[in-house]
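Working notes for the structure below.
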Amino acid sequence: KDGAFVFHAADGAVLEAAVGERRGWGVLDGNVQITKLMTIPIAKAPARDLTITGHVVDPDGKPLADVQVRADPDDHKLQSTRATAFATSGPDGAFELRGLDQGAYALSAEVEDHAPVQKTGVAGGSHDVTLALSAGALLAGTVMTTTGDPIPTFTLLAFKRDGAAKRIVTSRSVIAASGAFAIRVEPG
């Protein structure tokens, strides 16, 4: 009756409260983690019920199945209450990202044998978006200690320089007794 609720969620999770046409959103940020209190103000607001649809293809335009597609809010606000959406492409390469608003999103697609791709500025509600993955360049090596012993478990982060800035391109958690890794990235 008093509007209180109890929840467990991952860091950065976005929660929605709705009553009729009124709704509001709250994000599980550092402040909520410390205070153990989240307040979600509700007001008349449009539902986040838009989709982004499209296809994932290889360099020859053939569909790629089982590709993880991600839509991150492209507004760069630190306290954004817009959530990330995920989908997996079907056998025909088709994907549908749900629960989006009209704002811009950065779409990314990643699968093991291709370089990841990103497309920014895609508006919620867009259709027929094509994400074309290339074969990219193979980056392979071995992670070892200073004494030459392989490190069997690690997380590999690949960054791309853009002037003085660095942008993460892909990450992989690797478990290999030999310490060996192989990823594909765009040349550069």
### Query
Leaving out ligands, DNA and RNA, what percent of the accessible area of the chain is carbon and sulfur, probe 1.4 Å?
54 percent
#### Entry: Solvent-accessible area per residue for region 78-188 (1.4 angstrom probe, square angstrom)
59 Å²
### Low-density loop positions, trypsin sites (Lys or Arg not before Pro), region 58-149 - DSSP coil, at most 11 other Cβ in 10 Å
Lys77
### Query
Residues with beta-carbon under 14 Å from that of Pro187, excluding Pro187: net charge, scoring Lys, Arg +1 and Asp, Glu -1?
+2
### Query
If you take every DSSP beta bridge whose two residues both sit in the chain, what share of them, in percent to the nearest 5, is antiparallel?
90 percent
#### Entry: Point-charge dipole on Cβ atoms (K/R +1, D/E -1) for region 1-123, about Cα centre, debye to 20
740 debye
### Query
Residues of region 1-76: accessible area per residue at 1.4 Å, in Å²?
67 Å²
### Neighbourhood net charge (11 Å Cβ-Cβ; Lys/Arg +1, Asp/Glu -1) for Val129
-1
### Query
Tell me, what is the 1.4 Å probe accessible area of Asp162, in Å² to the nearest 10?
120 Å²
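Would you tally the net charge around Pro59, using a Cβ to Cβ cut-off of less than 14 Å, leaving Pro59 out, and scoring K and R as +1, D and E as -1?
Taking every other residue near Pro59 into account, the sum is -2.
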### Query
Under a no-solvent Debye model with one identical scatterer per Cα of region 18-68, what's log10 I(q)/I(0) at q = 0.16, 0.22 Å⁻¹?
-0.70, -0.84
### Message
Based on DSSP loop calls and a cut-off of at most 10 other Cβ atoms within 10 Å, the longest stretch of the chain free of exposed chymotrypsin sites (Phe, Trp or Tyr not before Pro) is what?
### Response
8-188
### Query
To the nearest 500 deg cm²/dmol, what mean residue ellipticity at 222 nm is calculated for the chain from DSSP H runs of n ≥ 4 alone, each contributing -39,500 (n - 2.57), summed and divided by the residues?
-500 deg cm²/dmol
### Summary
From the Cα centre of region 88-150 to that of region 156-188, the distance in Å is 13 Å
### Query
Are there GluC sites (Glu not before Pro) in region 94-173 that DSSP marks as loop and that have at most 14 other Cβ atoms within 10 Å, and which are they?
Glu112
### Message
Taking volume of the Cα convex hull per residue in Å³ straight from the coordinates, which label in (i) 179; (ii) 148; (iii) 116 is the correct one?
### Response
(i)
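The values are calculated or read from the model by the stated rules, or taken from the named source; none is laboratory data. Quick caveat, the model's predicted, so the values are computed rather than measured. Note that each Cβ is placed from the backbone with ideal geometry, even for glycine, and that neighbours are counted across all protein chains shown. Keep in mind that these areas ignore ligands, DNA and RNA; they rest on the heavy atoms of the full protein, side chains included. Shrake-Rupley method; radii C 1.70, N 1.55, O 1.52, S 1.80 Å.
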